[in-house]
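Values quoted throughout were computed directly from the atomic coordinates according to the rules given, and no laboratory measurement underlies them. Note that the coordinates shown come from a computational prediction; the quantities given were computed from them, not determined experimentally. Counting neighbours? That spans all protein chains shown, and the Cβs are built from the backbone with ideal geometry, glycine included.
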Amino acid sequence: MDIVFLRGLRIETVIGIYDWEKGIKQPVILDLEMSTDVARAAASDRIEDAVDYKAVSKRLKQFVGEGRFELVETLAERCAEIIRTEFGVRWVRLTANKIGAVTDANDVGVTIERGEPW
């Protein structure tokens, strides 16, 4: 199993359980690891044979940026579902970081894994 990764994808979205959070956009940062077999893409040197991380990035920016979430868990689950169904990824590890959500903590969030590794 090979891994295509995308780290530090910053997206502004409406996220939170408190009334004041429901009226503002806050940053979340996504880190992704997606399973693939890079041999075919390496042999052909064609993006059509690879996991297109730019297309993944654009899709998640659109979805998260237009979305409204109460929980970071919901955001993570929906993003993992998009990656697996729309991009044909068998396994994904996704960390959703709601930076600044807890006073005196740099990061807070969730890491999930969905699908089956090779």
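For the residues Val28, Val108, Val51, a GNM of the chain with alpha-carbon springs under 10 Å puts the largest fluctuation on Val108.
Between 0 and 90 degrees, the angle of helix 53-66 with respect to the longest Cα principal axis of the chain falls at about 20 degrees. Gyration tensor analysis over the Cα atoms of the chain returns equivalent ellipsoid semi-axes of 29, 13, 12 Å (largest first, whole Å). The trypsin sites (Lys or Arg not before Pro) found in region 9-45 that occupy coil by DSSP, while having at most 13 further C-beta atoms within 10 Å, are Lys25. 3J(HN,Hα) along region 67-79: x, 9, 9, 8, 10, 5, 4, 5, 4, 4, 4, 5, 5 Hz, from the Karplus curve 6.51 cos²θ - 1.76 cosθ + 1.60 with θ = phi - 60°, whole Hz, x for Gly and Pro. Projecting label points 7 angstrom from Cα along Cα→Cβ for Arg78 and Asp52 puts them 2.3 nm apart.
For Arg7, neighbours were defined as the other residues whose beta-carbon sits under 15 Å from its Cβ, and their charges (Lys and Arg +1, Asp and Glu -1) total +1.
Computed from label points 7 Å out along Cα-Cβ, the spacing between Glu86 and Gln26 is 2.4 nm. Sparse packing (at most 16 other Cβ atoms within 10 Å of the Cβ) combined with a DSSP loop state is found for the following chymotrypsin sites (Phe, Trp or Tyr not before Pro) in region 11-98: Tyr18.
Count Lys and Arg as plus one, Asp and Glu as minus one, and take only other residues whose Cβ is under 15 Å from that of Lys61; the net charge is then +2.
Here the residues Asp31, Asp104, ranked from fewest to most Cβ neighbours within 10 Å of their Cβ, fall in the order Asp104, Asp31.
Determine the dipole magnitude for region 18-118: charges of +1 sit on the beta-carbon of Lys and Arg, -1 on that of Asp and Glu, nothing else is charged, the reference point is the Cα centre, and the result goes in debye to the nearest 20. Roughly 300 debye, rounded to the nearest 20.
Peptides 92-99, 79-86 ranked from most to least packed, by the mean per-residue count of other Cβ atoms within 10 Å: 92-99, 79-86. Each Lys or Arg adds one and each Asp or Glu takes one away; over the other residues whose Cβ falls under 13 Å from the Cβ of Arg46, this sums to -3.
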